[in-house]
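Read through the structure below, which is laid out as structure tokens, and then see the notes.
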Amino acid sequence: MAWPTYDRGSMNSESKNSSSDGQDELDLNELIPDRKLEHLGVEYEDYFNGDIYDDDPVCRYEQDWEIDPNQRPYLKHIKSSSRAWPHLRYLAQWMEVTTSPTKWQLLHRLSQQKLSEIREERARRTEIAAIDFVSGQPEPRIQHITSPEALAACLDKPAAPGATRLYVVEDLSRDVVEHLGYKLDIDPLFFREFINDYLWYNTRDPWVELPDLDIVSRSRPYFRLMYMQPRYFKTRKSFQNAQRQAGMFNVLRRLDADDEHKSPFDDRSATVALVRSKASLWIRPASNSQQAVGVLLIDPSITEGYPLWRGYRPFRNSPVPSDKTSYEVPPRPTLFRDLLFWIQQTSQQDIDSVEDNPGAMAFRILEIICAEWLTLSRYITARLGQIEWEIERPEWFRIDKQELQRESINFNMSLKKLHTWRRRLPIYRAMIADTRAKLFPEHAPGSSRQDCIAKLERDFAIVAGHYDDLLSRTERIAAVATAVTAIEESRRAIEQNKTLGRLTYLAVIFAPLSFVSSFFSMSADLAGLSQTIWVYFCVAVPISLLVYLIVDKNWTNNLQSAYNRTKEAKRRTKLFDWKR
């Protein structure tokens, strides 16, 4: 990736920082807090605020971003609970910074006015849809909420009688967490699990999420699902713009660029990236005094670029000519709008099932997640097929000869590409297995579910089977590539031995000649050599021939073969004469 370079000395207290040549500008608010920032010339330290082993209860910069929790009861509850549940401390820091705490080392370089404006905008960011599912109604009722005040008013106003309400939240913000968490009495861990996208952790990471015992987590009224969204960018500039969009999110979401897998069928300037994504659902069942309510957290969308292959297919069959029913086209600009569109298409039967199983409100987001996994499986299948072609027909993929010359052999490049999927596929398979365990837990014998969620069990089983097959295929390709590499190395070693053999023949021929010429040159009478020069050839040639025959053992084998052929010919001649 060709990153623009920036002068570290130019990182001043303004939000815009230009490079030394003034050709590009860098907005600190748009940067994703990641070690890759060093490629941009931005100083970044993962543990600038200390690591998990610091004994000081107050972080180094906590006093700089700390706010008064007395006006925010949910934040106050989180901070007080973090003494016994230390993993909640990171959520309290996130609410005070209004984004990932690791980004504070970038934001604190801004001017005080600019920093206050950014934190205020991030803290108040609200994009919510309150959806009421009423049994007997043809479609859900949707109310859009775009401010913390409107959210608070909606939470205070009960839903229609018999309705089950779902709050669909795009991105998170401090005020949204405060209102939802306090008024709905939500476990802070529900929000804590959503704000990061880490797939693994270093031993010093203070933001680590350790797994809970099943006996502890099985009774929780919420779950979190992880998945990947493949996205296509025509140019590197478009990909960098997408990274800046992700940097504006309050939650941490990063793009994993698939730069290792290039083939003749790809546009050399294009990039395919996999966006780390999450969806979390919290449900409070109905009781005698309360209506059922749910909160669905979804990721903000990257609008730059395109969904890979233009995205998943519609969740319905295409109409036949005799079907005159009108239909609407999915909007597809953002996940939020796309999800609301499909929720509006919910059938009467599924709406009625929400009353008995509030978890059915997540049916549409589960369809989207399953479709994204299927799209990604097709993409991985294509890449593995190209790697197999590289092994079978390497001449088809020799686009850049200079690049291939830097590799020992072409198969090493195939193994390098394959290693990416050998590392990622177990992670993806674990995500799918975790999703299936949370959505389709084991039931008592004889019991069965017939709602829309249960109908998705087979789809997720198919997805799990695809990724099991992909992982097995990856291992098989790795074994074949390793074997072919070993054969290729052996062939090259044989060719090198033949080359060394030719050099040995030259040495055998010229070494005796040099010895004889040195022997005869010991005479100081050069004029006398004109009479004895013939002696040199008479001695040197037989000696060279004798040494060559001694070194080359093939001539003895050839003589033996010739002798055997002659002997066999004589035997056949005698046998023919005897018969005649």
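The values are calculated or read from the model by the stated rules, or taken from the named source; none is laboratory data. Values in this document were obtained by computation on a predicted structure and should not be read as measured data. All Cβ positions, glycine included, derive from the backbone under ideal geometry; neighbour counts span all protein chains shown. Quick note on the areas: whole protein, heavy atoms, side chains included, nothing else; ligands and nucleic acids left out. Shrake-Rupley method; radii C 1.70, N 1.55, O 1.52, S 1.80 Å.
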Checklist outcome for this item: So, first residue touching a residue at least 12 places away in the same chain (Cβ under 8 Å) and within 16 Å of Thr334 (Cα to Cα) in the stretch 246-268, second residue open to solvent by 30 Å² or more (accessible area, probe 1.4 Å) and assigned to a helix (DSSP H, G or I), Cβ within less than 7 Å, six or more apart or across chains; the pairs are Met248/Glu30
Item to check | Criterion (within 19 Å of Tyr182 (Cα to Cα) and open to solvent by 10 Å² or more (accessible area, probe 1.4 Å)) met by exactly one of Ser111, Ser116, Ser80 | outcome: Ser80
Next on the checklist: Need the failing condition index for Arg284 against (1) of a type in the set (Lys, Arg); (2) touching a strand residue (DSSP E or B) at 6+ places or on another chain (Cβ under 7 Å); (3) open to solvent by 90 Å² or more (accessible area, probe 1.4 Å), just the number.
Outcome noted: (3)
Checklist entry - Just a yes or no: is a residue in the stretch 187-209 open to solvent by 60 Å² or more (accessible area, probe 1.4 Å), of a type in the set (D, E, K, R), within 28 Å of Phe133 (Cβ to Cβ) and in contact (Cβ under 8 Å) with a residue 24 or more places away in the chain? => result yes
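For (1) touching a Pro at 6+ places or on another chain (Cβ under 7 Å); (2) modelled with pLDDT under 75, each residue gets a yes or a no:
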site	(1), (2)
Ile477	no, no
Ser490	no, no
Gly501	no, yes
Tyr536	no, yes
Ala540	yes, yes
Asn558	no, yes
Item to check | Top-ranked residue of the stretch 145-170 - restricted to ones that are open to solvent by less than 10 Å² (accessible area, probe 1.4 Å) and under 17 Å from Thr98 (Cα atoms), ranked as nearest to the chain's Cα centre (by Cα) | outcome: Val169
Next on the checklist: Of everything in the stretch 248-306, what is in contact with a Gly (Cβ under 8 Å, 6 or more places away or on another chain) and aromatic (Phe, Trp, Tyr)? Give them in sequence order.
Outcome noted: Trp282
Checklist entry - Which of the residues that make up the stretch 262-281 are touching a strand residue (DSSP E or B) at 6+ places or on another chain (Cβ under 7 Å) and open to solvent by less than 10 Å² (accessible area, probe 1.4 Å)? => result Ala270, Thr271, Ala273, Leu274, Ser277, Lys278, Ala279, Ser280, Leu281
Checklist outcome for this item: All conditions in (1) in contact with a Lys or Arg (Cβ under 6 Å, 6 or more places away or on another chain); (2) at positive phi; (3) open to solvent by 10 Å² or more (accessible area, probe 1.4 Å) are true of Gly136 except (1)
Next on the checklist: If I ask for residues that are open to solvent by less than 40 Å² (accessible area, probe 1.4 Å) and over 23 Å from Arg284 (Cβ atoms), which ones from the stretch 210-228 would you list?
Outcome noted: Met226, Tyr227, Met228
Checklist entry - For the stretch 215-273, which residues satisfy the criterion of being closer than 13 Å to Gly305 by Cα, charged (D, E, K, R) and not in a loop (DSSP other than H, G, I, E, B)? => result Arg231, Arg236, Lys237, Arg244
Next on the checklist: Please pick out the residue among Ala159, Ala153, Ala129, Ala163 that is without any contact (Cβ under 8 Å) to a residue 12 or more places away in the chain and of a type in the set (A, V, I, L, M).
Outcome noted: Ala153
Checklist entry - What pairs come up if the first residue lies in the stretch 53-74 and is polar (S, T, N, Q), the second is open to solvent by 70 Å² or more (accessible area, probe 1.4 Å), and their beta carbons are under 9 Å apart, counting only those six or more places apart or on different chains? => result Asn70/Lys76
Item to check | Every residue from the stretch 293-337 that is open to solvent by 70 Å² or more (accessible area, probe 1.4 Å), in contact (Cβ under 8 Å) with a residue 12 or more places away in the chain and among the β-branched types (Val, Ile, Thr) | outcome: Thr303
Checklist outcome for this item: Residues in the stretch 48-95 that are in a helix (DSSP H, G or I) and within 30 Å of the chain's Cα centre (by Cα) total 10
Checklist entry - Hey, any hits in the stretch 167-190 for a residue that's within 29 Å of Leu425 (Cβ to Cβ), at pLDDT below 95 and aliphatic (A, V, I, L, M)? => result no
